[in-house]
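Read through the structure below, which is laid out as structure tokens, and then see the notes.
We did not get these values from a lab; they are worked out from the coordinates using the rules stated. This structure is a prediction, so every number in the text was calculated from the model and none was measured. Note that we place each Cβ from the backbone using ideal geometry, even for glycine, and neighbour counts take in every protein chain shown.
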Amino acid sequence: MMLPAYAQTRSHRMVKSKGEPSIQRIMAPDPDARIKRPATLFITKYADSELKGQGYCRRSILLSAKGRDERMAVYLEQTIAADPKHYGAMLMLAKSIAQRT
């Protein structure tokens with residue numbers, strides 16, 4: 001299938017503002033690279049937002065993938081403190097506690 005000439009010459013670079021995480025870091029294959037910047041940036045940048053719980057939950061999911069259950073439980077508790085009706089975080093925390101005891 002032939003692409004139009006403008007599609008072949010078009011650059012696929014994304015404009016990134018200063019301080020924003022790069023798409024390569026967000027989509028990195030290892031959890032360390034994904035934990036390091038984007039989740040922290042979201043939590044600090046939108047500290048007063050109603051989506052703060054989502055940032056904590058995202059970080060706890062990444063920590064779970066890495067196998068750091070103690071830290072995951074801390075972030076899940078912060079998720080529930082930020083959003084008391086975040087049922088996914090409640091289930092993940094209950095599962096984590098059940099597996100450790």
Problem set entry | Positive-end residue of Leu91, Gly67, Gln78, charge dipole of segment 52-101 with Cβ unit charges | Gly67
Seminar exercise, completed: Expected unfolding gain across Asp69-Lys95 under the 0.36 nm per residue rule, minus the alpha-carbon gap, is 8.3 nm
Seminar exercise, completed: In Å, the Kirkwood hydrodynamic radius from C-alpha pairs for segment 52-101 sits at 10.3 Å
Exercise. Counting alpha carbon pairs within less than 8 Å and at least 6 residues apart, what relative contact order, in whole percent, applies to segment 52-101?
Worked result: 36 percent
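Would you list Glu70, Glu77 from fewest to most Cβ contacts within 10 Å?
Glu70, Glu77
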Seminar exercise, completed: A correct fewest-to-most ranking of Ile97, Ile80 by other Cβ atoms within 10 Å would be Ile97, Ile80
